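The values are calculated or read from the model by the stated rules, or taken from the named source; none is laboratory data. Because the structure is a prediction, the values reported are computed rather than measured. FYI the Cβ positions are ideal-geometry reconstructions off the backbone, even for glycines, and counts take in every protein chain you see.
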Ligand code: PGA
């Protein structure tokens, strides 16, 4: 069972585990939900992030599909966010990241993997609805407390929309783009309300560099200044952290 930590009205259930164990635990959950969905003649709908945080999870997922766990590839995915003003096949796009780290490795048909796009925000919300809503949403936390590209200032009722990227977000993407001046200024992201509409949310944060923001996520008052804090309102959310990220809790 998740430990409940926090001194505010709504609390994040927190699970502290090694990164490899967290990857196993989340993929276990996806696999069991995917099997249950298939028994109901439907496909599990999973919301997915990019970044360093989910790499171990995607490696474990691909490994299991490679060893025959077919349910883990009979799913539908919606990505959290995407950079704007670059080609979709730009090597630093979220789409390219997902192809490399998960989608090609599990041979997911391209029409089963959706990404938000410029000018198609309402269509993205509609597509999520038409798929039956997101069963399990996985998110990371940016060092400024963002989830997806919901930067500080993002309202609890925000939906999929085009946004200006925070400087810290652009700095963190600079290596992938070959320099800060090449990182787009804008992105498109599911909103906080889009994420909160998922049936389950798993928030992942690993490493000492995330210790300060994890502390704030758990202990600060929920507000737009710290978008991840809105997720504490969800009835089935877990914050999954390793010992280093949990250091200050
Ligand atoms: P990271 O990014 O996984 O690369 O730390 C997390 C995020 O910005 O949401």
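Can you tell me which condition residue 230 does not meet? The list is (1) assigned to a helix (DSSP H, G or I); (2) out of contact with any helix residue (DSSP H, G or I) (no Cβ under 7 Å at 6 or more places or on another chain), and all the others hold.
Going through (1) assigned to a helix (DSSP H, G or I); (2) out of contact with any helix residue (DSSP H, G or I) (no Cβ under 7 Å at 6 or more places or on another chain) one by one, residue 230 breaks only (2).
Taking strands (runs of 3 or more DSSP E) that do not extend beyond the stretch 38-90, which have at least 3 residues that are buried (at least 23 other Cβ atoms within 10 Å of the Cβ) and within 16 Å of the ligand (Cβ to nearest atom)? Step through it out loud before you land on a result.
Working: elements: 44-48, 75-79, 81-83.
Per the criteria, 81-83.
Of the conditions (1) under 23 Å from residue 206 (Cβ atoms); (2) buried (at least 19 other Cβ atoms within 10 Å of the Cβ), residue 143 satisfies every one except a single condition; which number is it?
Single failed check for residue 143: (2).
Is it true that residue 204 is over 25 Å from residue 162 (Cα atoms), in contact with a strand residue (DSSP E or B) (Cβ under 6 Å, 6 or more places away or on another chain) and either at pLDDT 95 or above or away from the ligand (no atom under 13 Å from the Cβ) (or both)? Steps first, please.
Working: over 25 Å from residue 162 (Cα atoms): no; in contact with a strand residue (DSSP E or B) (Cβ under 6 Å, 6 or more places away or on another chain): yes; either at pLDDT 95 or above or away from the ligand (no atom under 13 Å from the Cβ) (or both): yes.
Taking the combined requirement at face value, the residue does not satisfy it.
Regarding residue 88, is this residue at pLDDT below 95 and over 22 Å from residue 40 (Cα atoms)?
Details: at pLDDT below 95: yes; over 22 Å from residue 40 (Cα atoms): yes.
So residue 88 passes the test.
Pull up the stretch 207-227, narrow it to residues that are within 15 Å of the ligand (Cβ to nearest atom) and closer than 12 Å to residue 154 by Cα, then point me to the one that is farthest from the chain's Cα centre (by Cα).
Our first condition is that a residue be within 15 Å of the ligand (Cβ to nearest atom); within the stretch 207-227, this holds for 207-214, 216-217, 226-227.
Those still in the list that are closer than 12 Å to residue 154 by Cα too: 226-227.
Working: 226: 16, 227: 13 Å.
Per the criteria, the residue is 226.
Find all pairs meeting these conditions: Cβ atoms under 9 angstrom apart; at least six residues apart or on different chains; first residue within the stretch 142-158 and more than 8 Å from the ligand (Cβ to nearest atom); second residue modelled with pLDDT under 95.
Hits for this filter: 145/220; 156/222; 156/233.
Of 172, 233, 248, 157, which residue is surrounded by fewer than 24 Cβ atoms within 10 Å (Cβ to Cβ) and more than 20 Å from residue 11 (Cα to Cα)? If you could, list the steps in order and put the result at the bottom.
On the way: 233 fails: more than 20 Å from residue 11 (Cα to Cα); 248 fails: more than 20 Å from residue 11 (Cα to Cα); 157 fails: more than 20 Å from residue 11 (Cα to Cα).
Answer to the selection: 172.
Loosely packed, with under 15 Cβ neighbours inside 10 Å and out of contact with any helix residue (DSSP H, G or I) (no Cβ under 8 Å at 6 or more places or on another chain), is that true of residue 212?
Numbers: loosely packed, with under 15 Cβ neighbours inside 10 Å: yes; out of contact with any helix residue (DSSP H, G or I) (no Cβ under 8 Å at 6 or more places or on another chain): yes.
The answer is yes for residue 212.
For the stretch 13-24, which residues satisfy the criterion of being in a helix (DSSP H, G or I) and in contact with a strand residue (DSSP E or B) (Cβ under 7 Å, 6 or more places away or on another chain)? Lay out the reasoning, then the answer.
Residues of the stretch 13-24 that are in a helix (DSSP H, G or I), as a first pass: 19-24.
Once the filter is applied, which keeps residues that are in a helix (DSSP H, G or I) and in contact with a strand residue (DSSP E or B) (Cβ under 7 Å, 6 or more places away or on another chain), the stretch 13-24 yields only 22.
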